[in-house]
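The structure appears below as C-alpha cells.
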C-alpha cells in the first residue's frame with residue numbers, strides 16, 4: 001500500500017513538473033489557444049454558408065449486394081448510403097477543428113517526447129521506473145488533449161450549434177489522442193527536431209487535414225483506404241455529432257482500436273529510448289529477435305521463389321494407400337500453425353545462444369538441400385473439401401497460400417525446421433516439464449501436416465531425419481568454424497560472414 | 001575495498017570498435033581519473049560503468065549507488081533548479097527534508113543559491129553545469145562518475161569542486177573523473193589512460 005502510494009506520488013510529481021516544463025514554453029501555450037481560433041477564423045472568412053451534399057461514411061449501411069437486381073434496387077431505396085445535405089461552412093469548421101486539435105496534440109506530444117528524452121532517460125537511471133515516466137507523460141497528454149477538445153468545442157459552438165455535443169468532444173478528443181501518440185512515436189524515433197516536425201506536419205496534413213474531409217471523401221475512388229487511416233473515426237464522430245442527430249456505426253470502436261495501436265507503438269518506442277542498460281540475456285534476446293525477423297524474411301522469399309518455379313514443372317502424385325486411409329482432422333491445424341511459434345519460444349528459453357546459431361546454420365543446410373529435391377520431384381495431390389468451422393477456414397487459407405498445383409512437399413520443411421528448433425532448445429530451460437512440453441508439441445507438429453493434408457506421409461517421414469541430419473552437420477561445422485571462447489554474436493558473425501558483431 | 005570493477009569491456013558502434021577490452025578497478029576513498037584523447041571512448045566507458053550504456057562483452061561490478069554526471073547538460077529546459085532537485089529527489093527516493101537539506105548544502109557549496117528559481121533556459125552554461133553536478137550528487141552516492149565535470153566552470157567553482165572531491169574522498173567515496181586534460185593529474189590517486197579502446201596495467 002505504501003509502495004503504491006509512493007509510486008503514485010512519483011507519477012504525480014513527474015506529471016506536474018513535466019506539464020510545467022511544457023507549458024512554460026510560451027510558443028506552445030500561444031499555439032494551443034491561437035491555432036484553433038485561427039483555423040476557425042479562416043473558415044469563417046473564406047467559406048460560404050450554403051447547402052452541399054456529402055457522404056458520411058460512418059452513417060452508410062454496410063450491405064453486400066445480393067446479385068439479384070430487383071432485390072438490390074429495392075434495398076437501395078431503404079438503405080442509408082450516408083449521404084446528407086449539410087451547411088458547407090459548419091462542416092468545414094468541424095472538420096478543420098478536428099484537424100487543428102490533431103495537429104496541436106501531435107506537435108505537443110512530439111515536444112514532450114523528443115527534446116526531453118535524454119533528461120527522461122536520466123530520470124529513469126536515477127530511480128524512476130520507465131513506465132512511471134511514461135504514465136506521467138500520458139497523464140499530461142490526455143489532460144491537454146481533453147482541454148483542447150473542450151476548448152475547440154466551445155469556440156465552435158456559436159457558429160455550429162452542435163446537435164450532439166458529447167460526440168463532438170469525443171471526436172476531437174480521439175483525434176488529439178491518436179495523433180498525440182503518433183507525435184510521441186515520432187519524437188521517440190527521429191534524431192533531429194526538424195525532421196520530426198516535418199514528419200508530423202506531413203502526417204496530420206495528409207490524413208486529418210485533407211483526406212478525411214467529407215467533401216473529398218464523397219468523390220474519392222479509394223474510400224476503403226481513407227476509412228483505414230487514423231483520422232477517419234475522429235472526424236466522422238465530430239462531424240456526425242455536430243451536424244446530424246444520427247448515431248455513427250462502429251466508429252467508436254474504430255477510434256479505440258487506433259488509440260490502442262498508436263498508444264502501444266508510442267509507449268514501446270519511447271520506453272525503449274529511456275530504459276536503462278539491459279542485462280546481457282535481454283540484450284541478446286533482442287538481437288536474436290531481430291536476427292529471427294531477417295531470417296524469416298530471407299527464408300520466406302527463397303521458399304516462395306523455389307516453390308513457384310517448381311510448381312511450373314511436371315508434378316507427380318505420391319499419395320499412398322496409407323495417406324488415403326488417414327482422415328482429415330481440421331483441429332490439427334492448430335499444432336500445424338504452432339510451428340511458427342517455436343522460434344519465438346526459443347527466444348524465451350534459450351540460454352546458450354550458440355545453439356541458436358547452430359539452428360540457423362541447420363535451417364540453411366536443410367533448406368538448400370531440400371530445394372534441390374523440390375525442383376527434382378515437385379509433388380502435387382488433390383486436397384479435400386473444407387467446411388466452415390474456424391479450423392477449416394484457417395486451413396483454407398493455408399491451402400490458398402500454397403503452390404498450385406503443388407510444390408515444396410518432399411521433405412516437409414515444416415517438420416524438419418521444427419525438429420531443428422527443438423534440438424536447439426532441448427535442455428535450455430533447465431526444466432524437465434518444459435522439455436516434456438516441447439516433446440509433446442513436436443510430436444503434434446510432426447503428425448499435424450498429415451492430418452490436415454498439407455503433406456503426405458512420405459514428406460513427414462523424410463522431414464524428421466532431414467532436420468536431425470542438418471542439425472548434426474551444422475553443429476560440427478559450427479564447432480570447426482567458431483573459436484571456443486567466442487561470444488554467440490561473434491559466432492553468428494563468423495558463420496554468416498556478417499561483420500557487424502565481429 | 002573495490003568499489004568499481006570493469007573487466008574486458010568491449011563496445012562497438014557499427015564497425016567502429018570503441019572499447020576493445022578495457023579493464024580497471026577503483027577503490028572506495030579514491031579519486032580516479034580516466035584520461036584520453038577526444039573520441040577515445042572515455043564517455044562510452046563511463047556510460048557503461050554508470051549503467052546507462054550497454055556493453056557488447058565484458059563485466060562491470062559496482063558496490064554501491066551510482067551518481068552519474070553526463071558530459072552533456074541533460075536537463076529539462078523550462079524547469080527551475082529547485083524543480084529539478086525536487087524531481088530527482090523523488091527519483092532517488094529521498095524524503096522532502098533530506099532532499100531540502102542536501103539541495104541547500106549543494107547550492108551553498110557550488111554557489112548557485114541565488115538562481116534556484118530560474119529555469120534552465122535562463123541559466124549560464126556554468127550554472128547549468130553546477131546543476132548537472134548537483135543532480136548527480138543529491139542522493140549522496142558511494143560511487144560518483146563525472147564526465148568532464150569542469151566544463152564551463154569558473155575558477156571559483158572549480159576550486160569548490162576540488163574541495164568537494166577531497167571531502168568526498170575522506171568520506172570513503174569512489175570518484176571517477178573523465179577528462180581530456182592532464183593538467184591537474186597530481187590531484188588524483190590513480191590515473192588511467194584510455195588508448196585504442198584499452199586500459200593496460202602499465203597505463204595506470
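The values are calculated or read from the model by the stated rules, or taken from the named source; none is laboratory data. Quick caveat: nothing in here was measured; it's all calculated off a predicted structure. Heads up, the Cβs are rebuilt from the backbone with ideal geometry, glycines too, and the neighbour counts pull from every protein chain shown.
So which of A:430, A:409, A:453 ends up being buried (at least 19 other Cβ atoms within 10 Å of the Cβ) and over 13 Å from residue A:336 (Cα atoms)? Let's see the steps before the verdict.
Numbers: A:430 fails: buried (at least 19 other Cβ atoms within 10 Å of the Cβ); A:453 fails: over 13 Å from residue A:336 (Cα atoms).
Checking each option against the conditions leaves just A:409.
Report, by residue number, each residue of the range A:12-24 that is at the interface with chain B (Cβ under 10 Å from one of its Cβ atoms) and crowded, with 16+ Cβ neighbours inside 10 Å. Walk me through it before giving the result.
Start the filter on the range A:12-24 by keeping residues that are at the interface with chain B (Cβ under 10 Å from one of its Cβ atoms), which leaves A:12-14, A:16-18, A:20-24.
Selection gives A:13, A:14, A:16, A:17, A:18, A:20, A:21, A:22, A:24.
How many of the residues making up the range A:456-473 are touching a helix residue (DSSP H, G or I) at 6+ places or on another chain (Cβ under 6 Å) and crowded, with 20+ Cβ neighbours inside 10 Å?
Within the range A:456-473, residues that are touching a helix residue (DSSP H, G or I) at 6+ places or on another chain (Cβ under 6 Å) and crowded, with 20+ Cβ neighbours inside 10 Å number 7.
Give the range A:1-11 a look and list any residue that's touching a helix residue (DSSP H, G or I) at 6+ places or on another chain (Cβ under 8 Å) and facing chain B (nearest Cβ under 10 Å), or say none. Even if it seems obvious, please write down each step before you answer.
Taking the range A:1-11 first, the residues touching a helix residue (DSSP H, G or I) at 6+ places or on another chain (Cβ under 8 Å) are A:7, A:9-11.
Within the range A:1-11, A:9, A:10, A:11 meet the criteria.
Based on what the data block shows, is residue B:85 within 14 Å of chain A (Cβ to nearest Cβ), in contact with a helix residue (DSSP H, G or I) (Cβ under 9 Å, 6 or more places away or on another chain) and modelled with pLDDT of 95 or more?
Working: within 14 Å of chain A (Cβ to nearest Cβ): yes; in contact with a helix residue (DSSP H, G or I) (Cβ under 9 Å, 6 or more places away or on another chain): yes; modelled with pLDDT of 95 or more: yes.
Considered against the rule, which asks whether it is within 14 Å of chain A (Cβ to nearest Cβ), in contact with a helix residue (DSSP H, G or I) (Cβ under 9 Å, 6 or more places away or on another chain) and modelled with pLDDT of 95 or more, residue B:85 comes out as yes.
What are the residues in the range A:297-312 that are free of Cβ contacts under 8 Å to residues at least 12 places away in the same chain and part of a helix (DSSP H, G or I), if any? Working first, answer last.
Within the range A:297-312, the first condition is being free of Cβ contacts under 8 Å to residues at least 12 places away in the same chain, and the residues that meet it are A:297-298, A:300-301, A:304-305, A:312.
Answer for the range A:297-312, where residues must be free of Cβ contacts under 8 Å to residues at least 12 places away in the same chain and part of a helix (DSSP H, G or I): A:297, A:298, A:300, A:301, A:304, A:305.
Can you list the helices (runs of 4 or more DSSP H) found entirely within the range A:392-494 that contain at least 2 residues being modelled with pLDDT of 95 or more and more than 33 Å from the chain's Cα centre (by Cα)?
Working: elements: A:413-425, A:432-451, A:457-481.
Result: A:457-481.
State which residue is nearest to the other protein chains (Cβ to nearest Cβ) when the search covers only the range B:50-64 and only residues that are assigned to a strand (DSSP E or B) and at negative phi. Let's see the steps before the verdict.
Here is the first cut: in the range B:50-64, the ones assigned to a strand (DSSP E or B) are B:57-62.
Those left that are additionally at negative phi: B:57, B:59-62.
Values: B:57: 6, B:59: 9, B:60: 9, B:61: 13, B:62: 12 Å.
Among those that are assigned to a strand (DSSP E or B) and at negative phi, it is B:57.
Being more than 14 Å from chain A (Cβ to nearest Cβ) and crowded, with 20+ Cβ neighbours inside 10 Å is the filter here, so list the residues in the range B:89-114 that pass it.
B:103, B:106, B:107, B:110, B:112 - these are the residues of the range B:89-114 that are more than 14 Å from chain A (Cβ to nearest Cβ) and crowded, with 20+ Cβ neighbours inside 10 Å.
I'd like the full set of residues that are within 14 Å of chain A (Cβ to nearest Cβ), outside any strand (DSSP E or B) and buried (at least 16 other Cβ atoms within 10 Å of the Cβ), limited to the range B:1-49.
Across the range B:1-49, the qualifying residues are B:43, B:44, B:45, B:46, B:47, B:48, B:49.
Right, residue B:133: in contact (Cβ under 8 Å) with a residue 24 or more places away in the chain, more than 11 Å from every other protein chain (Cβ to nearest Cβ) and out of contact with any helix residue (DSSP H, G or I) (no Cβ under 6 Å at 6 or more places or on another chain) or not? Reasoning before the result, please.
Working: in contact (Cβ under 8 Å) with a residue 24 or more places away in the chain: yes; more than 11 Å from every other protein chain (Cβ to nearest Cβ): yes; out of contact with any helix residue (DSSP H, G or I) (no Cβ under 6 Å at 6 or more places or on another chain): yes.
So residue B:133 passes the test.
Just for helices (runs of 4 or more DSSP H) wholly inside the range A:113-201: which have at least 2 residues that are under 24 Å from the mean Cα position of the chain (by Cα)?
Values: elements: A:117-126, A:130-160, A:165-189.
Of the helices (runs of 4 or more DSSP H) lying wholly inside the range A:113-201, those with at least 2 residues that are under 24 Å from the mean Cα position of the chain (by Cα) span A:130-160, A:165-189.
Looking at (1) loosely packed, with under 14 Cβ neighbours inside 10 Å; (2) more than 25 Å from residue A:51 (Cβ to Cβ), which is the only condition residue A:170 fails?
(1)
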